[in-house]
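Down below is the structure, laid out as structure tokens.
The values are calculated or read from the model by the stated rules, or taken from the named source; none is laboratory data. It should be emphasised that the depicted structure is a prediction, and the values quoted were computed from it without experimental measurement. Cβ placement follows ideal geometry from the backbone for every residue including glycine, while neighbour counts extend to all protein chains displayed.
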Amino acid sequence: MVKFVSKSSNQVLCMVPNRVQIVDGMAVPIPGKRVTFENGEYNTTDKKEIEFLRSHRLFGVAIAEVEQLKPAEQKEPPKK
């Protein structure tokens with residue numbers, strides 16, 4: 001799982017916009033795809049979302065990736 005953080009607590013990025021498709025003369029709404037940060041955090045395992053976020057123009061400016069350590073890699077606090 002990859003964790004991203006945003007300066008904005010409710011950041012929403014549009015991956016694929018909503019659209020309308022005409023089927024048999026009727027307009028049918030087709031939902032898009034969004035990345036929505038909650039409390040400034042977004043967790044994902046979707047490779048397309050990870051690639052989208054890493055290549056987004058706000059990455060490194062208002063969005064950052066947080067490196068998460070595996071339990072075996074976490075350092076223990078020094079003992080007193």
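Details
- Residue list for region 1-29, filter: assigned to a strand (DSSP E or B), in contact (Cβ under 8 Å) with a residue 60 or more places away in the chain and either more than 14 Å from A64 (Cα to Cα) or among the hydrophobic types (A, V, I, L, M, F, W, C) (or both): V2, F4, V5
- Residue in region 3-10 that is of a type in the set (V, I, T) and modelled with pLDDT under 95 present: no
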